[in-house]
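See below for the structure under consideration.
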Amino acid sequence: MYKNYNMNQITLPMDLEVLIPENDISITIHNLVESIPNTVFENFRTNQGASSYHPKMMLKILLCAYSQSIFSGRKIEALLHDSIRMKWLAQDHTPSYRTINRFRVHPQMAALLQSAFIQFRVQLESNGLIDSDAIFIDGTKIEANANKYTFVFRKNIDRYESQLLEKSKKKYHELVDTNIIPEIERESDTPLTAEEIAVIHAELTEVETSHTQDIKRTTDVVARREIRKKRSEIRRSKKAFKDYLERRLVYQKQRTLIGERNSYSKTDTDATFMRMKEDHMQNGQLKAGYNLQIATNQQYVLGYDIFWNPTDTRTLDPFLYTMAHTFEHLPQYIVADAGYGSESNYECIADKYERQALIPYNTYHREQKRKFKSDEMHPNHWPYDELDDYYICPNNRRLYLNHHTTQTDKYGHQRVYKIYESESCEDCPLMTLCKSSTSSRPKQIRKNMNLEYFKAQANKLLSSPEGRRRYAQRKIDVETTFGNLKANLGFTRMSVRGKDAVRNELGIALMAVNLRKLTCQSANFKIKTKKTA
């Protein structure tokens, strides 16, 4: 006996809402989007052309599709015809993939996602799902939607442009010396500018025209042949300077695009070539990508931003600004790994934002090992006399303050060092253990007192029970979130191009990660996820 199955029987359309389980992710998405103030959606309103789809509906279907690991506009469009969740969220509207793609790169999408993250955090705090006194920061690299072999490197631009300038300058002097063109009035013998190359090209054009007219006026065969030879030389020079001009303009455009970076992709000019962990060829090949920075708590993403820096150190200051002003959440404790432990970052957190940094410096973990603590030859373990300002080495010789020095890195940050020098290292039996070189120069040690202060503060915080507990939570918290994004959600490569569009898509993907986790918790705990009107 079979259950009743008859496709010829007429049935009335059914309200899809009754088919949606109470703890379904579509309910969580619906509640979140409906909690966003209506004023945010007004920015999408236009008074021209045909009526558009409501941005609430468009955001809901994007979040639902991304939560199901569907990132393609065409596949999202197909899902609107197949998925009960999508049909309910869209209320049977079927926007095309072009409309979907245009919406997720809309200029107002950034403000909409900002409001969504703020509302989501407020809901988490009201349900007691996150702690409001700490954020855990880390970064990962996301591959850009760019071809592999479209790289442009700053070193190549410098090398090729210098060769071009040398060739053009040499060619210009040859033309002047042979009296083919007049000398250009120039203040110094610097490389030719693009404007000067254009002037030389115009001068050669006039000379070519003059030779052509001479050929027409000359009847002697031998004389005409000589003039043609000269004109051929002029045409070759003219072609060369046309090439110089085009290449010079290309290099100028490339310098504008590259900015402060060392590379960019021709396919997505905002992407920078970086080394990725996902290196299937095992050859260290560079790929175009973005450095994604996130701030989490209890494995929920509370804020994010993207940067071109391959490393995380220089991203902390601008990311904290984004957290404070865009996502309006910068708690008391900033927790991150040793990749962020620099003097400038410690100063930024303490002085600029007045927060506490639970960030180890680059040698913190090594200093906690027994081997380091028992190393008497390390200057950190040498006795220090604060009154007379000197150190005492293991051979009881003093190292007095010799001078101060200041170093400025390429980012403009200044570091002040105190240089201590030994009275004498002659006949010291510990010299081979103390000094790495065999020179007769006395032993010197450098101390950055500002950094030493921050290192002492970090050591004190990280050694306390509360500090150890919070820092131990960091790896569990933020690394798990990256695993949910890349492994579970399957989001490893961008679908859009351009920094603004990439930031929007990452916001959608990260919110999808949040909603999946919240839905899972809602099924296990009593969290408010009722359908709103």
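The values are calculated or read from the model by the stated rules, or taken from the named source; none is laboratory data. Being a predicted model, the structure only gives us computed values, none of them experimental. For neighbour counting, all protein chains shown are included, and Cβ atoms are generated from backbone atoms with ideal geometry for every residue, glycine included. Areas reflect the complete protein model, heavy atoms only, side chains present, ligands, DNA and RNA absent. Shrake-Rupley method; radii C 1.70, N 1.55, O 1.52, S 1.80 Å.
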| query | If you take the residues of region 458-474 that are free of Cβ contacts under 8 Å to residues at least 60 places away in the same chain and in a helix (DSSP H, G or I), which of them is nearest to GLY339 (Cα to Cα)? | reply | ALA472
| remark: Among residues of region 440-465 being farther than 19 Å from THR405 by Cβ and out of contact with any strand residue (DSSP E or B) (no Cβ under 9 Å at 6 or more places or on another chain), the residue surrounded by the most Cβ atoms within 10 Å (Cβ to Cβ) is LYS455
| request: Find the residue count for region 396-439, including only residues that are more than 30 Å from SER344 (Cβ to Cβ), at pLDDT 85 or above and open to solvent by less than 80 Å² (accessible area, probe 1.4 Å). | output: 2
| request: State which residue is surrounded by the most Cβ atoms within 10 Å (Cβ to Cβ) when the search covers only region 318-355 and only residues that are within 24 Å of PHE120 (Cα to Cα) and among the charged types (D, E, K, R). | output: ARG355
| task | Please identify the pairs in which a residue from region 196-221 that is aliphatic (A, V, I, L, M) has its Cβ atom under 8 Å from the Cβ atom of a residue that is at pLDDT below 90 and not in a helix (DSSP H, G or I), counting only partners at least 6 apart or on another chain. | result | VAL199/ILE184; ILE200/ILE181; ILE200/ILE184; ILE200/LEU192; LEU204/ILE180; LEU204/ILE181; VAL207/ILE180; VAL207/ILE181
| query | Can we say PHE117 is open to solvent by less than 30 Å² (accessible area, probe 1.4 Å), under 30 Å from CYS520 (Cβ atoms), modelled with pLDDT of 90 or more and assigned to a helix (DSSP H, G or I)? | reply | yes
| query | Within the group ILE180, ILE227, which residue is surrounded by 12 or more Cβ atoms within 10 Å (Cβ to Cβ) and not in a helix (DSSP H, G or I)? | reply | ILE180
| query | Counting residues that are of a type in the set (A, V, I, L, M, F, W, C) and touching a strand residue (DSSP E or B) at 6+ places or on another chain (Cβ under 9 Å), which helices (runs of 4 or more DSSP H) fully inside region 288-384 reach at least 3? | reply | 316-325
| task | Could you please let me know if LEU192 is of a type in the set (A, V, I, L, M), modelled with pLDDT under 90 and on the phi < 0 side of the Ramachandran plot? | result | yes
| task | Return a yes/no flag: does region 132-154 have any residue that is part of a helix (DSSP H, G or I), at negative phi and either among the acidic types (Asp, Glu) or more than 20 Å from the chain's Cα centre (by Cα) (or both). | result | no
| request: Confirm whether ASP158 is among the acidic types (Asp, Glu) and either within 30 Å of GLY303 (Cβ to Cβ) or under 27 Å from the mean Cα position of the chain (by Cα) (or both). | output: yes
